[in-house]
Amino acid sequence: MSVEADLLGVFETHSPDGIRKVLAAGASPTEPIQGMRPVDSLIAMYLRSPRFTECLQVMLDAGATVGDPLLQAILLDDDHGLRQLLAGSSESLKRKLSFTSAFTSCRGVSALHICAEFNSVRCGRVLLENGAEVNARADQDGEIGGHTPIFHTCE
């Protein structure tokens, strides 16, 4: 197996220590694997576990980037960072985000959709306190989509 395949394997199980070991063995935190940035592969995986944020932080500490401060704050469940972003502009509540997800379409979703999808409870509270729309609909993506944050919570 290659270190890239090993990295995908430890992403699949949300193993922060495994990620550290594979990175130490030479896997790149930034070079594409099968056409995707490693951090995007981590985000897209099926598993949703309490270890996700630590896995993401390991990748960020190694030089990976999410590329969007709002998305990064929510994925890390960084309520303090999210409050800072919202203090600068409440437009983040209305902005649509898109990323690849193995579960369901995450095209044209709100920040609250992402909180629900990744169990970012602290950030979800911040968004609700600031007027996030609980019935916001995601964009249609072919025959799927149009889901609300509540759908992602149940999913």
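The values are calculated or read from the model by the stated rules, or taken from the named source; none is laboratory data. Values in this document were obtained by computation on a predicted structure and should not be read as measured data. Note that each Cβ is placed from the backbone with ideal geometry, even for glycine, and that neighbours are counted across all protein chains shown.
Points to keep in mind about this one:
- Taking the criterion of being of a type in the set (A, V, I, L, M) and either modelled with pLDDT of 95 or more or part of a helix (DSSP H, G or I) (or both), the residues of the range 23-46 that qualify are L23, A24, A25, A27, V39, L42, I43, A44.
- Members of the range 52-67 that are within 14 Å of the chain's Cα centre (by Cα) and surrounded by fewer than 18 Cβ atoms within 10 Å (Cβ to Cβ): E54, Q57, L60, T65, G67
- Total residues in the range 119-155 satisfying the condition of being modelled with pLDDT under 85 and within 16 Å of the chain's Cα centre (by Cα): the figure is 5.
- Members of the range 68-118 found to be more than 12 Å from the chain's Cα centre (by Cα), closer than 22 Å to F11 by Cα and among the polar types (S, T, N, Q), listed by number: T104, S105
- Residues located in the range 64-95, provided they are out of contact with any helix residue (DSSP H, G or I) (no Cβ under 9 Å at 6 or more places or on another chain) and under 25 Å from S28 (Cβ atoms): D68
- The residue list L42, L75 contains one member that is of a type in the set (A, V, I, L, M), in contact with a Leu (Cβ under 6 Å, 6 or more places away or on another chain) and under 22 Å from C115 (Cα atoms), which is L75.
- Scanning the range 69-114 for residues that are acidic (D, E) and out of contact with any Cys (no Cβ under 9 Å at 6 or more places or on another chain) gives a single hit, E91.
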